[in-house]
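Written out below as structure tokens is the structure these notes cover.
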Amino acid sequence: MRFLQVLWDPDDEPTGNVQHIAMNGVTKEEVEDVLQNEDNRETISRTTGSPIIFGWTRTGRHIAVVWEEVMDDPRMAYPVTAYETPPLGG
């Protein structure tokens, strides 16, 4: 498992990460699918300089997740945003 824990703001927090990804049509479960899959490619976003991971969800969508590392032992991630994206090379 890539991350032992994914940190979420309360679901009803208007400026929280749950609401932000929901505005992009992505669920918490989809974000966790991508963040916790060791086969997904981790890189740096060209636009923000933040870490970003691309991958498939169990729902069959390909998404990008921009996140911040909160702690490295155990490894914890705070998703900043997530959005659907075409697969690399596609």
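The values are calculated or read from the model by the stated rules, or taken from the named source; none is laboratory data. These figures come from a predicted structure and were not determined experimentally. As a convention, Cβ positions derive from the backbone with ideal geometry for all residues, glycine included, and neighbour counts pool all protein chains shown.
Of the conditions (1) over 10 Å from the mean Cα position of the chain (by Cα); (2) among the small types (Gly, Ala, Ser); (3) within 15 Å of Trp8 (Cβ to Cβ), Ser50 satisfies every one except a single condition; which number is it?
(3)
Looking at region 30-47 only, could you name the residues that are touching a residue at least 12 places away in the same chain (Cβ under 8 Å), more than 10 Å from the chain's Cα centre (by Cα) and under 14 Å from Tyr83 (Cβ atoms)?
Listed by number, the list holds a single entry, Ser45.
Given the conditions (1) out of contact with any helix residue (DSSP H, G or I) (no Cβ under 6 Å at 6 or more places or on another chain); (2) at pLDDT 95 or above, and given that Thr48 satisfies all but one, which numbered condition is not satisfied?
Thr48 satisfies every listed condition except (2).
When region 4-27 is examined, which residues are found to be among the polar types (S, T, N, Q) and under 26 Å from Asp72 (Cα atoms)?
Step one: list which residues in region 4-27 are among the polar types (S, T, N, Q), which gives 5, 15, 17, 19, 24, 27.
Within region 4-27, Gln5, Thr15, Asn17, Gln19, Thr27 qualify.
If a residue has to be in contact with a strand residue (DSSP E or B) (Cβ under 7 Å, 6 or more places away or on another chain) and either free of Cβ contacts under 8 Å to residues at least 12 places away in the same chain or not in a loop (DSSP other than H, G, I, E, B) (or both) to count, how many in region 11-29 make the cut?
3
Quick one: in region 1-10, of everything that is assigned to a loop (DSSP other than H, G, I, E, B) and touching a Leu at 6+ places or on another chain (Cβ under 8 Å), which residue is modelled with the lowest pLDDT?
First, pick out the residues of region 1-10 that are assigned to a loop (DSSP other than H, G, I, E, B): 1-4, 7-10.
Applying the additional criterion that residues be touching a Leu at 6+ places or on another chain (Cβ under 8 Å) yields 2-3.
Numbers: Arg2: 72, Phe3: 69.
Residue satisfying both the conditions and the ranking: Phe3.
So which residues in region 24-45 are exposed (fewer than 13 other Cβ atoms within 10 Å of the Cβ) and acidic (Asp, Glu)? Walk me through how you get there before you give the answer.
Our first condition is that a residue be exposed (fewer than 13 other Cβ atoms within 10 Å of the Cβ); within region 24-45, this holds for 24-25, 29, 38-39, 41, 43-44.
The answer is Glu29, Glu38, Asp39.
Would you kindly identify the strands (runs of 3 or more DSSP E) lying entirely within region 46-90 that contain at least 1 residues that are surrounded by fewer than 16 Cβ atoms within 10 Å (Cβ to Cβ) and of a type in the set (Asp, Glu)? Step through it out loud before you land on a result.
Numbers: elements: 51-56, 62-72, 75-84.
It comes to 62-72, 75-84.
Please go through region 30-45 and give me each residue that is among the hydrophobic types (A, V, I, L, M, F, W, C) and in a helix (DSSP H, G or I), ordered by number. Break it down into steps so the answer makes sense when it comes.
Looking only at region 30-45, we keep the residues that are among the hydrophobic types (A, V, I, L, M, F, W, C), and these are 31, 34-35, 44.
Selection gives Val31, Val34, Leu35.
What residue, of Val6, Val34, is of a type in the set (Val, Ile, Thr) and closer than 18 Å to His62 by Cβ?
Details: Val6 fails: closer than 18 Å to His62 by Cβ.
Only one candidate passes the filter, namely Val34.
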